[in-house]
1. Determine the gain in length on full extension of the stretch GLU197-LEU88; use 0.36 nm per residue of separation and subtract their C-alpha separation, reporting nm with one decimal.
2. Counting only protein chains, not ligands or nucleic acids, how are GLU275, GLU230 ordered by accessible area (probe 1.4 Å), most first?
3. Take the cross-link list LYS53/LYS83; LYS199/LYS317; LYS32/LYS72 and give me the ones stretching past 23 Å between alpha-carbons.
4. Which residues among segment 187-226 fall inside the zone where the amide N is under 11 Å from a point 7 Å beyond the Cα of CYS135, along Cα→Cβ?
5. Figure the gain on full extension for SER17 and GLU346 (residue separation times 0.36 nm, minus the Cα-Cα span) and round it to one decimal in nm.
6. Can you give me the % of accessible surface on segment 7-256 that is carbon or sulfur? Probe 1.4 Å, all protein chains present, nothing else counted.
7. Explain nothing, just the number: dipole magnitude of segment 7-256 about its Cα centre with +1 on each Lys and Arg Cβ and -1 on each Asp and Glu Cβ, in debye rounded to the nearest 20.
8. Students often get this wrong: which residues of segment 87-110 have the backbone nitrogen under 17 Å from the point 7 angstrom along Cα-to-C-beta of LYS153?
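The values are calculated or read from the model by the stated rules, or taken from the named source; none is laboratory data. Since the model is a prediction, treat every value here as computed from it, not as a measurement. Don't worry about glycine lacking a Cβ; one is built from the backbone with ideal geometry, like all the others, and counts go over all protein chains shown. Just the protein is used for accessible areas: all its heavy atoms, side chains included, with ligands, DNA and RNA removed. Shrake-Rupley method; radii C 1.70, N 1.55, O 1.52, S 1.80 Å.
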Amino acid sequence: MSESPSSLYIHIPFCISKCAYCDFFSLPKGNKVPDDYIDALCKEIIYRITVLKIDSLKTIYIGGGTPSLLSKNQFKKIFSAIKSSCNLSPSAEITVEVNPDDVTEELLDGLWDCGVNRLSCGIQSMNDAALKRACRRADSTTNRKALSLIKEKWRGDTSYDLISGLPGDDEKSLLAGLEEIVSYKPSHISLYSLTIEEKTPFGSQLNEGLFDYDFDFADKLWLSGRDFLESQDYKWYEVSNFCREGKECAHNLVYWTHGGYAGCGSAACGTVYNEDGSGQRWTNTTNVEDYISFWEQVTEPLAEAPSLPQDLEIIDKENSEFEFFMMGLRKLQGIKARDYESIFGERLPEKFLRLFEDWEKKGLCVKRAGQDGDEIYAMSREGMLYLNRFNMELL
Ligand code: SF4
């Protein structure tokens, strides 16, 4: 392993109900997260930190699912497991995803007391028709209450998630929603264009012909949303992400810059890289009962890799290189030639350079010099909209 990761992702795979567009792994489980899941999770956290020799964490992201269903005590347990096994960098970014209907003063205080300094809140829309079609728990009134409480009481950074192109949404309602969100002055906004995945309620409804969906219209909506956010001084820095200057999500930047990270919890992934750029990725079982019963029978701290309830994938150098481009080009800033060289020990491959040059001629890629004289390769603003096609051609 070349370097111990300094980022940790924790997955809470429970939701009260399922949203119609959601493809994330989560189980409907009432409004409480079982204590035995948290106990298992804490054991895994200690195990991963120990085995990966993590000395200090720079980013932690608790996502789901719905982490805001955790009690104050459960959050405390998770943070004591982390702090008992490694240091937290004084400037660590610690994010927790929250659902608007769970936002209370008590939750905000509890998170702050645990050291959480960034909230990511899934507002998704301010249009009641769209929220209803998407089976969101929160309506616009609940969203508004959460937005006001966070503005009034929360002392850290905030990111709001929104989706453009939900059935029932149109340009006017999307822009009105964004205008309202911006008025709360979050430091970060994620604006996703709706994708309809097959194994979601929207996917089945579309297959059954229960609604028509105009994908071109959805893309146009997203572009209007992007232009609006930029006009409000939010920097477009990644495919779906916007921020105030210096407020990029440090945790996600690790994924986009080929960084290693530990992942804990049922369905979580973690990735570590070797000296030559190749790596290993584990994906924990999605069977929550198996996950809990495995960690329940662990009584001693595990020093060796036992047969964990996980799938292991070897990322050979070729795949790792492809991931470097696929993830790195998601950033408007693109990738640096020297970063590639320091990870893989060789110059940028001919195949990439040829494709890049071809796209550059069409105005879809841009090459520029960095301040340190390094060469930077990026998608142009127009090219960013065709990133998937670029990746397919690179494969
Ligand atoms: S609350 Fe979040 S994770 Fe849960 S179903 Fe809805 S979108 Fe998915």
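1. That works out to 35.5 nm of additional length.
2. Ranking GLU275, GLU230 by accessible area, largest first, yields GLU275, GLU230.
3. Details: LYS53/LYS83 14 Å; LYS199/LYS317 32 Å; LYS32/LYS72 12 Å.
The pairs that break the limit, which is 23 Å between Cα atoms, are LYS199/LYS317.
4. Taking a point 7 Å out along Cα→Cβ of CYS135, the residues of segment 187-226 whose backbone N falls under 11 Å are 200-205.
5. Stretched fully, the SER17-GLU346 segment lengthens by 113.6 nm.
6. Details: 5260 of 10650 Å².
Heavy-atom surface of segment 7-256 belonging to carbon and sulfur, 1.4 Å probe: 49 percent.
7. Numbers: 29 positive and 37 negative charges, 203 e Å.
Charge dipole, segment 7-256, about its Cα centre: 980 debye, nearest 20.
8. Only 96-110 fall inside the zone, counting backbone N under 17 Å.
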